[in-house]
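S.K.: My questions will all concern the structure given below.
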Amino acid sequence: MSSAAAQRPNGLALFILPGALLFALFFFLPIGLMALMSILTGNPVVAPKVAFTTRHYARMIGDPFYLEVIWTTIRIGLVTTLVALAIGYPLAHWMARIKSRAGHALLLMAVLAPMLTGIVVRTFAWMTLLSDRGVINQTLISLGLISQPLKLMYTETGIVVGLVHIYVPFMVLTLTGVIGRIDERLEQAAENLGASPLRAFLEVTLPLSLPGILAGSLLVFALAISAYVTPILLGGFQIMTLPILIYQQISANFNVGFAAALGIVLLMISLLLVVAYNRALGLVSGQHDLQ
Amino acid sequence: MMKALGSLSRRRFLTASASLGIGTIAAPYVARADDPTLRITGWGGKWGEIMKAEIGPAFESEFKCKLQIDSAFPYLPKLQASSRSAPIYDVMHTNSNEQWAAAEMGLIEPKIDPKLVPNLADVYPYAISDKIVGVSIFTSAIGLGMRTDKGYGGISSWKELWDAKYNGVRGGYVIPVNSLGQAFLMMCGTLFGKGQTDLDAAYMALEKLKPIKIVDFTGAMEKMLLSGEVGLCVIHDSGIYRYDGQNQPTDFVSPSEGVLSLEQVLTITPGSKMKELANAYVNYMLRPDVQKRLAETVWYSPANKKVKLDAKYDAKLLTTPEKVSKLIQVDWKWYNERKDEIDQRVNRIFRA
């Protein structure tokens, strides 16, 4: 019986197989091809003579402009993540602890409602607010508070504002689930033992919600550094990020190899920061399994 | 009710209904499955609308074929990724700079055979000059677009774009990705240096152009000009004239130093299996009646000398040898050879 059972296909394995195949086909294969293209002189499918090269990476390292672009991308990603966390955490905490079901539903709707509109539309909405002739500048000018429009668009701040608006729901939804599962009685016990509400939060709730902070931050960071539409529209092409540079290399310079090398760098940044963030949070929380 | 249908079961009835529905939907496609298909590229907007509604169907009907138009820019990377022997397009329509890049990569045939495209004999010299691969079927004039409600006064020179009074309302393009931006960079070399290829003079001029609002597409610039976000910008004449009759406070300026040529170029891919049809399409697009219809819809200047436009269009578009002689063509081969270097420099210049 045991040998017959061993030969029978595992039901769970069959259930997982389509998903695994899909993942291999649409995630691992494209990344593998991108890595390959980044070290080739051309596309082997259409070009007859193709050789291995490191020139795309050498170009990136040899020119400080590309390193500045990489740093700008990381900076925008980090600031967006921190601001989204600062806005999202209190909201998620409120949503997780609110007693009224109607109140929870209303808050959830408020968080989800912007996601029903496309990113392009929302970014254009920000443009109508932040541009020189936008609502904010026109209002301030008409009130006589300023004489020249404030430079709200075409800056990193403008991009971060747009990205935070788009990605806060991702942070909130991730955090709400985690905070909601924290037993409130732990905080009450801390307060019974003399801790102030703030100290109870800092020493009980916050450490227990670190997995949510980690997951939400990684999600927002990964989305922010790979964002294309918002940095282009709100940055007016004057803030160069890696996704913009990658698009430029493919669409206007037709240099797929260099674009692939930039893509690999973007991927490596994400992976490195995931590892670093995991280690840091593991150390802070004492949850060594995070490492 | 099902009993009234006799032996027809519910399952059979549903199967028959579904088959009938699918058959009805698929019938036109099945009927036309044998028609040869010509795969081309083309713009969206007004151009796309008239191609879809009128020019394309007329071609399909005349040549008993199907026209498959890709208007999802950018085209060249898609052609680049497709097989040389079975390219994704038979005819590529794009601006001249990209056609030169495609020619360098061997993705398109650099010249059109006049024996296979008889209308080539009637085009202005610029349309098949040594600055063009394939054939330019239309051109626009790149000059300055201005708001007429801001009291800017008469503008007659490119150099006025550098006037400090336009700080904050000056508009230009993302040079690495936009043909107008690239052509304008070459014009900067002419205006402030020894000629189009004087890149150092051009870079210095671009530095002095800041602050400037830059966009990737002319459509975006049109909207910024219409909204008043920019007051003076680099733009092509069709981007202004297409709002004719709408009482917009905008006007096109042809600078005294000359206007740059923004060519709409057609080329044929070497691996196309539809060469005969591809040549027929190029010839068709150069036909006077087709040229007139398109020119009067999108405000492009026709390349065919024999086209007679209505007075309103004739007054503004480049329709005579004298007007056409004002066009300045860019040496895109020279530009593309230095594109990486230029892009790196201008990306730095316009960085906030």
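The values are calculated or read from the model by the stated rules, or taken from the named source; none is laboratory data. All of these numbers come straight from a predicted model, not from anything done at the bench. With ideal geometry, Cβ positions are generated from the backbone for all residues, glycine too; neighbour counts draw on all protein chains shown. For accessibility, only protein heavy atoms count, side chains too; no ligands or nucleic acids. Shrake-Rupley method; radii C 1.70, N 1.55, O 1.52, S 1.80 Å.
S.K.: Can you tell me what percent of all Cα-Cα pairs in region A:15-60 are more than 17 Å apart?
M.R.: When all Cα pairs of region A:15-60 are counted, 48 percent exceed 17 Å.
S.K.: For residue B:175, list long-range residues whose amide hydrogen, built 1.01 Å from N in the peptide plane, is under 5 Å from its own amide hydrogen.
M.R.: none
S.K.: Send over a whole-number figure in Å² for the accessible area per residue of region A:177-270, probe 1.4 Å.
M.R.: Spelled out: the 1.4 Å probe surface of region A:177-270, per residue, equals 38 Å².
S.K.: Here are some pairs, B:111/B:292; A:151/B:316; B:78/B:292; B:78/B:312; which of them have Cα atoms lying more than 29 Å apart in this structure?
M.R.: Pairs exceeding the cut-off: A:151/B:316; B:78/B:292; B:78/B:312.
S.K.: Taking a cut-off of 31 Å, what percent of all Cα-Cα pairs in chain A are separated by more than that?
M.R.: On the way: 20142 of 42195 pairs.
Taking all Cα-Cα pairs of chain A, the fraction more than 31 Å apart is 48 percent.
S.K.: Please compute the average number of Cβ atoms from other chains found within 10 Å of each residue's Cβ in peptide B:94-102.
M.R.: Partner-chain Cβ atoms within 10 Å, mean over residues of B:94-102: 1.
S.K.: Hey, another quick one. Could you derive backbone 3J(HN,Hα) for region A:91-101 from the dihedral phi with the Karplus parameters 6.51, -1.76 and 1.60 (θ = phi - 60°), listing whole Hz in sequence and x where the residue is Gly or Pro?
M.R.: In residue order, the calculated couplings are 5, 5, 4, 4, 4, 6, 9, 5, 7, 6, 5 Hz.
S.K.: What's the Cα-based Rg to Rh of region A:1-142, Rh via Kirkwood?
M.R.: On the way: Rg = 25.7 Å, Rh = 22.2 Å.
When Rh is taken as the Kirkwood radius, the ratio is 1.16.
S.K.: What are the principal axis extents of the Cα atoms in the protein assembly as shown, in Å, biggest first?
M.R.: Here the Cα extents, ordered largest to smallest, are 93, 84, 61 Å.
S.K.: Sticking with this structure for a sec: Please give the average number of partner chain Cβ atoms lying within 10 Å of the Cβ of each residue in B:336-348, rounded to a whole number.
M.R.: 3
S.K.: Specify the inter-centroid distance of region A:199-244 and region B:252-326, based on alpha-carbon positions, in whole Å.
M.R.: Taking the Cα centre of each part, region A:199-244 and region B:252-326 sit 49 Å apart.
S.K.: Taking 0.36 nm per residue of sequence separation and subtracting the Cα-Cα distance, how much length would be gained by fully extending the chain between residue B:197 and residue B:35, in nm to one decimal?
M.R.: On the way: separation 162, 0.36 × 162 = 58.32 nm, distance 4.80 nm.
Answer, rounded to one decimal: 53.5 nm.
S.K.: Here's another thing I want to ask about it. Which of the lysines could be linked to residue B:66 by a straight reach, that is with a Cα gap under 17 Å, when you skip same-chain ones fewer than 8 residues away?
M.R.: Result set, ordered by chain and number: B:52, B:273, B:275.
S.K.: Something else now. With labels modelled as points extended 7 Å from the Cα through the Cβ direction, what inter-label distance (nm, one decimal) is found for residue A:280 paired with residue B:305?
M.R.: Result for the modelled spin labels: 7.1 nm.
S.K.: Counting only protein heavy atoms, what percent of the accessible surface of region A:21-62 is carbon or sulfur at a 1.4 Å probe?
M.R.: Carbon and sulfur together cover 80 percent of it.
S.K.: Interface size between chain A and chain B, please: total buried accessible area, 1.4 Å probe, rounded to the nearest 100 Å².
M.R.: Details: alone 17000 and 16560 Å², together 31090 Å².
Between A and B, the summed buried area is about 2500 Å².
S.K.: Output needed for region B:190-317: three equivalent-ellipsoid semi-axes, defined as square roots of 5 times the C-alpha gyration tensor eigenvalues, in descending order, whole Å.
M.R.: Details: eigenvalues 195, 100, 45 Å².
So the three semi-axes of region B:190-317 are 31, 22, 15 Å.
S.K.: To the nearest 0.05, what FRET efficiency results for residue B:72 and residue B:289 with a Förster distance of 22 Å applied to their C-beta separation?
M.R.: Efficiency for this residue pair is about 0.15.
S.K.: Can you list residues whose amide H is under 5 Å from residue B:67's amide H, if they're 5+ apart or on another chain and H is modeled 1.01 Å from N?
M.R.: Close amide H contacts, sequence-distant or interchain: B:38.
S.K.: For region B:332-340, in order, what is each residue's ³J(HN,Hα) by Karplus, 6.51 cos²θ - 1.76 cosθ + 1.60 with θ = phi - 60°, in whole Hz (x at glycine and Pro)?
M.R.: So the Karplus estimates, Gly and Pro as x, are 5, 4, 5, 4, 4, 5, 10, 4, 4 Hz.
S.K.: Moving to a separate point now. Please give the FRET efficiency for residue A:267 paired with residue B:257, using the beta carbon to beta carbon distance and R0 = 45 Å, rounded to the nearest 0.05.
M.R.: 0.40
S.K.: Considering only DSSP beta bridges with both partners in chain B, what is the antiparallel share in %, to the nearest 5?
M.R.: Antiparallel bridges make up about 65 percent of those DSSP assigns within chain B.
S.K.: Taking every residue in A:244-252, how many Cβ atoms of other protein chains lie within 10 Å of its Cβ, on average?
M.R.: 6
S.K.: Can you check how the C-alpha radius of gyration of region A:132-291 compares to 2.2 N^0.38 Å, as a plain ratio? Please list the in-between numbers first.
M.R.: Values: Rg = 21.5 Å, N = 160, 2.2 N^0.38 = 15.1 Å.
After normalising by residue count via 2.2 N^0.38 Å, the value is 1.42.
S.K.: If you line up the Cα atoms of region B:112-261 on their principal axes, what length do they span on each, largest first, in Å?
M.R.: Projected onto its principal axes, the Cα set of region B:112-261 covers 53, 42, 26 Å.
S.K.: Take every DSSP beta bridge with both residues inside the protein assembly as shown and express the antiparallel ones as a percent of the total, to the nearest 5.
M.R.: Around 65 percent antiparallel, to the nearest 5.
S.K.: Please turn the phi angles of region B:268-274 into ³J(HN,Hα) values with the Karplus equation 6.51 cos²θ - 1.76 cosθ + 1.60 (θ = phi - 60°), one per residue in order, whole Hz, x for glycine and proline.
M.R.: 10, 7, x, x, 4, 8, 10
S.K.: Tell me the Kirkwood hydrodynamic radius of region A:194-258 in angstroms, computed as one over the mean inverse distance between distinct C-alpha pairs. Each step should come with its number before you reach the end.
M.R.: Working: mean 1/r = 0.0668 Å⁻¹.
Here the Kirkwood hydrodynamic radius works out to 15.0 Å.
S.K.: Here is a follow-up. Please report the spacing between the Cα centers of region A:248-283 and region A:82-123 in Å, no decimals.
M.R.: What the calculation gives is 29 Å, centre to centre.
S.K.: Quick check on region B:98-243: of the DSSP beta bridges with both residues there, what percent are antiparallel, nearest 5%? Before the final figure, lay out each step's value.
M.R.: Values: 5 of 10 bridges.
Here the antiparallel bridges make up roughly 50 percent for region B:98-243.
S.K.: Would you mind getting me the FRET efficiency between residue A:196 and residue B:273? Use the beta-carbon distance for r and R0 = 51 Å, nearest 0.05. If you can, show how the numbers build up before the last one.
M.R.: On the way: r = 79 Å, r/R0 = 1.55.
The formula returns an efficiency of 0.05 here.
S.K.: If the cut-off is a Cα-Cα distance under 14 Å, which aspartates and glutamates reach residue B:150, setting aside same-chain residues fewer than 8 apart in sequence?
M.R.: B:229, B:251
S.K.: Could you give log10 I(q)/I(0) at q = 0.14, 0.28, 0.30 Å⁻¹ for region B:261-315, computed by the Debye formula over C-alpha point scatterers of equal weight, without solvent?
M.R.: Scattering profile of region B:261-315, log10 relative to I(0): -0.44, -1.13, -1.21.
S.K.: For the pair residue B:341 and residue B:129, how long in nm is the line joining their label points, each one 7 Å along Cα→Cβ?
M.R.: Here the modelled spin labels are 2.4 nm apart.
S.K.: Right, another one. Over every pair of different alpha-carbon atoms in chain B, take the mean of 1/r and invert it; report that Kirkwood radius in Å.
M.R.: With all distinct Cα pairs of chain B included, I get 22.1 Å.
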